[in-house]
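Everything below concerns the one structure shown next.
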Amino acid sequence: MTAFLRVMGAVAGKDLRTELRSREMLPSLAQFVILALLIANFGFDVGQAGPGVIAPGVLWLALVFAGLVAFGRTFAAERDQSSLESLLLTPASRAAIFLGKALAAAILLLACEVVLVPGLALFFGTPIASPTLVGALALATVGMAALGCLFAALAAQTRARELLLPVLALPLWIPFVVVGGRAVQIAMGAPGAGGPALGLLLDFDILFVVVASLAARFVLDD
Amino acid sequence: MTRPLSIAAALATLAMAGAGAMIFLYAPRDALEGEPQRIFYLHVSAAIAAYVAFALVLAGGVVYLWSESAAADRLARVSAEVGLLFTTITLVMGSLWAKPIWGAYWTWDARLTSTLVLWMMYAAYLLVRRIAAPGRQAARFAAVVGIIAFIDVPIVHFSVDWWRTQHPQSVINAPGGPALPPEMLVTFAVTALAVLLLTGVLIAVRYRIEALREQVAGLVEEAEAA
């Protein structure tokens with residue numbers, strides 16, 4: 001178990017260190033979510049509908065597409081430099097390698113949310129520090145990273161990988177969007193309690209992290 | 001086609017024609033919904049057929065990951081195609097029913113949403129089969145997608161249900177026995193059996209075509225090597 005966690009930490013550390021040195025992903029993702037807010041502001045009739053009604057949808061759209069970019073990159077970069085093969089030649093468990101990469105990708109998306117949520121608060125006047133909002137985003141990110149990275153690993157090994165990842169990941173993320181979307185709506189003023197939604201998101205996280213790490217063995221095979 | 005398969009195909013055709021006659025001639029007109037209620041028989045039967053086909057995709061995928069059996073993978077692949085066909089029929093017929101009864105082709109209810117996501121996921125399954133390198137990679141990746149898709153659909157249904165729901169509740173599995181008059185129940189049973197028979201025949205025919213295709217591909221490879 002400690003060996004498993006050590007491999008996972010080493011892989012996650014490697015990915016985060018690469019990002020820290022190259023500084024490619026995070027600036028692009030941050031710019032991407034701010035641009036999404038800009039487009040939403042002009043695409044929607046904000047004055048008519050009220051910012052609180054539109055903001056949760058804008059948040060999820062920006063988050064889901066930023067997630068696709070972030071998770072797609074984690075395995076595409078390994079593929080481009082042929083470093084995935086060497087990583088898989090090591091005797092380390094496939095599940096540990098996979099979870100390490102998913103962890104790094106989840107941290108990257110969380111960092112992107114640190115830009116997105118204040119940006120939303122600035123442009124749409126939504127709350128920042130609501131525990132329901134922060135909890136829902138953090139919990140949804142974990143499960144989405146597990147599923148997203150599994151299919152990113154799969155898609156990276158095929159031709160046309162940019163096509164395959166959204167088609168596979170988006171339908172599987174729907175439960176997170178449905179329940180997380182509800183939690184964000186509640187945090188932004190809709191009636192209801194956010195507690196049950198957070199509990200459900202935690203259940204989904206446990207289920208999909210387990211399923212994805214079991215499936216990783218078959219996706220990261222040759 | 002082999003002889004038993006030809007007989008089964010002929011039986012399925014007859015059964016479907018019989019079910020059609022019962023739907024329009026034998027089953028009574030619904031007092032509340034009127035004629036559109038007749039859509040129910042084929043709509044629910046197609047949904048059941050789709051679930052059966054996707055259960056075969058799941059089973060085929062699990063057996064393939066376990067044993068790398070080419071037959072299990074072939075069964076999963078052809079079942080996904082047939083399942084997608086019946087999901088499409090379910091969605092289209094449901095929308096046609098919903099327009100006169102609910103006043104709109106579509107609502108974001110739990111069953112509708114999860115059926116749409118079901119359609120999306122198995123369409124993605126077939127896309128994986130097309131894009132991944134044929135053979136072992138396509139089979140392995142598709143098996144993973146088929147298994148996770150099967151787990152995800154009930155969760156989508158549950159999430160939306162938790163959120164809101166509008167689809168009619170089950171009339172067959174209603175508490176205190178089926179809430180349908182006997183003529184409607186018999187018509188439904190006949191239609192469901194006919195559609196299941198048709199599903200079985202379609203899967204068997206597609207399976208045979210795929211097996212023959214693989215055999216031909218193997219022979220061509222052998223001839224080219226020689």
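Please indicate, with yes or no, whether at least one residue in the range B:109-121 is buried (at least 20 other Cβ atoms within 10 Å of the Cβ) and under 23 Å from A:GLN157 (Cβ atoms).
yes
Pull out all pairs, ordered by first then second residue, where Cβ-Cβ is under 6 Å, the residues are six or more apart or on different chains, the first lies in the range A:182-196 and is over 16 Å from A:VAL134 (Cβ atoms), and the second is crowded, with 20+ Cβ neighbours inside 10 Å.
Filtered contacts from the range A:182-196: A:GLY192/A:ILE186.
Among the residues of the range B:45-72, which ones are in contact with a helix residue (DSSP H, G or I) (Cβ under 7 Å, 6 or more places away or on another chain) and farther than 15 Å from B:LEU84 by Cα?
Result: B:GLY60, B:GLY61, B:VAL62, B:VAL63, B:TYR64, B:LEU65, B:SER69, B:ALA72.
Output the residues belonging to the range B:1-29 that are in contact (Cβ under 8 Å) with a residue 24 or more places away in the chain and either in contact with a Cys (Cβ under 7 Å, 6 or more places away or on another chain) or not in a helix (DSSP H, G or I) (or both).
Listed by number, the residues that qualify are B:MET1, B:THR2, B:ALA27, B:PRO28.
Only one of (1) surrounded by fewer than 21 Cβ atoms within 10 Å (Cβ to Cβ); (2) more than 15 Å from the chain's Cα centre (by Cα); (3) more than 14 Å from chain B (Cβ to nearest Cβ) is not met by A:ALA138, so which one is it?
(2)
Go through the range B:66-88 and give me each residue that's part of a helix (DSSP H, G or I) and surrounded by fewer than 18 Cβ atoms within 10 Å (Cβ to Cβ).
B:TRP66, B:SER67, B:ALA70, B:ALA71, B:LEU85, B:THR88
Name the residue, out of A:ALA104, A:ALA77, A:ALA96, A:ALA152, that is at pLDDT 90 or above, more than 19 Å from A:TRP60 (Cβ to Cβ), more than 14 Å from chain B (Cβ to nearest Cβ) and crowded, with 17+ Cβ neighbours inside 10 Å.
A:ALA104
Please work out if A:ARG182 is charged (D, E, K, R), within 14 Å of chain B (Cβ to nearest Cβ) and not in a loop (DSSP other than H, G, I, E, B).
It is true that A:ARG182 is charged (D, E, K, R), within 14 Å of chain B (Cβ to nearest Cβ) and not in a loop (DSSP other than H, G, I, E, B).
Checking A:ILE128 against (1) without any contact (Cβ under 8 Å) to a residue 60 or more places away in the chain; (2) part of a helix (DSSP H, G or I), which single condition isn't satisfied?
Result: A:ILE128 passes all but (2).
Assuming A:PRO175 fulfils every condition listed in (1) within 11 Å of A:ALA136 (Cα to Cα); (2) surrounded by 24 or more Cβ atoms within 10 Å (Cβ to Cβ); (3) of a type outside the set (A, V, I, L, M, F, W, C) apart from one, which condition is it?
Unmet for A:PRO175, out of (1) within 11 Å of A:ALA136 (Cα to Cα); (2) surrounded by 24 or more Cβ atoms within 10 Å (Cβ to Cβ); (3) of a type outside the set (A, V, I, L, M, F, W, C): (1).
Would you be able to tell me the number of residues in the range B:93-130 that are under 16 Å from B:GLU81 (Cα atoms) and either assigned to a loop (DSSP other than H, G, I, E, B) or facing chain A (nearest Cβ under 10 Å) (or both)?
Residues flagged as under 16 Å from B:GLU81 (Cα atoms) and either assigned to a loop (DSSP other than H, G, I, E, B) or facing chain A (nearest Cβ under 10 Å) (or both) within the range B:93-130 amount to 13.
Please verify whether B:ILE209 is in a helix (DSSP H, G or I), of a type in the set (Val, Ile, Thr), under 30 Å from A:TRP173 (Cβ atoms) and at pLDDT 90 or above, treating the condition exactly as stated.
Against the criterion (in a helix (DSSP H, G or I), of a type in the set (Val, Ile, Thr), under 30 Å from A:TRP173 (Cβ atoms) and at pLDDT 90 or above), B:ILE209 does not qualify.
What are the pairs with Cβ atoms under 6 angstrom where one residue, in the range B:139-163, is more than 7 Å from every other protein chain (Cβ to nearest Cβ) and over 17 Å from B:TRP119 (Cα atoms) and the other, located anywhere, is surrounded by fewer than 24 Cβ atoms within 10 Å (Cβ to Cβ) and aliphatic (A, V, I, L, M)? Sequence gap at least six, or different chains.
B:ASP161/B:ALA110
Return the only residue of A:PHE42, A:PHE32 being surrounded by 14 or more Cβ atoms within 10 Å (Cβ to Cβ) and out of contact with any Lys or Arg (no Cβ under 9 Å at 6 or more places or on another chain).
Among A:PHE42, A:PHE32, only A:PHE32 is surrounded by 14 or more Cβ atoms within 10 Å (Cβ to Cβ) and out of contact with any Lys or Arg (no Cβ under 9 Å at 6 or more places or on another chain).
Which of the numbered conditions does A:PHE218 fail, given that it passes all the others? Conditions: (1) over 19 Å from the mean Cα position of the chain (by Cα); (2) in contact (Cβ under 8 Å) with a residue 60 or more places away in the chain; (3) facing chain B (nearest Cβ under 8 Å).
Every condition holds for A:PHE218 apart from (2).
Confirm whether B:GLY177 is over 26 Å from B:SER95 (Cα atoms), modelled with pLDDT under 75 and surrounded by fewer than 12 Cβ atoms within 10 Å (Cβ to Cβ).
yes
With closer than 26 Å to A:VAL114 by Cβ, part of a helix (DSSP H, G or I) and either more than 9 Å from every other protein chain (Cβ to nearest Cβ) or not β-branched (Val, Ile, Thr) (or both) as the only criterion, which of A:GLY199, A:GLY189 stands out?
Answer to the check: A:GLY199.
Can you tell me how many residues in the range A:156-166 are part of a helix (DSSP H, G or I) and facing chain B (nearest Cβ under 8 Å)?
2
For the range B:40-97, how many residues are of a type outside the set (A, V, I, L, M, F, W, C) and touching a residue at least 60 places away in the same chain (Cβ under 8 Å)?
Qualifying residue count, the range B:40-97: 11.
The values are calculated or read from the model by the stated rules, or taken from the named source; none is laboratory data. Keep in mind it's a predicted model, so treat the numbers as computed, not measured. Positions of Cβ are backbone-derived with ideal geometry, glycine not excepted, and every protein chain shown enters the neighbour counts.
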